[in-house]
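A.B. asks: Take this structure first; my questions come after.
The values are calculated or read from the model by the stated rules, or taken from the named source; none is laboratory data. What you see is a predicted model, and the numbers here were worked out from it, not measured in a lab. No Cβ is skipped: glycine too gets one built from the backbone with ideal geometry, and neighbour counts run over all protein chains shown.
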Amino acid sequence: MADVFNSQVTIASGATTSSAMDLGNRVLVGISWPAAMTLTAATCTFLVSTDGVTYKAYKDDSGAAITLTGLVQDTQTSLGNIITHFFGIRWLKLVMGTAQAADRTVTLRTRPAA
């Protein structure tokens, strides 16, 4: 099994969008949510970028947003059935369905793409 790396992004208090993460030559395989995460609308979508400057909503082939639902505080979400969507993505931001009540640090789990 490939090495799994943990990296953090921050969602500022009052915000829904995280700081950016440069995935480099890695693929997103999971997300660990903190115990204090505000998850009133327990969904997460993604913004992606090729240059780390201009971000666009990340959608599948049908035009629907790639969305995680049913999120729970203090757990890890595996991206097993949608992992292939994240191959080739360089820059990534999380977009939560609810603004955070305080700064939140979210752990992104990645592994080498090759």
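A.B. asks: State which residue is farthest from ALA41 (Cα to Cα) when the search covers only segment 94-114 and only residues that are assigned to a loop (DSSP other than H, G, I, E, B) and not hydrophobic (A, V, I, L, M, F, W, C).
C.D. replies: That would be ASP103.
A.B. asks: A further question follows. Could you list, in sequence order, all residues of segment 29-86 that are at pLDDT 85 or above, surrounded by fewer than 13 Cβ atoms within 10 Å (Cβ to Cβ) and closer than 19 Å to GLY14 by Cα?
C.D. replies: ALA35
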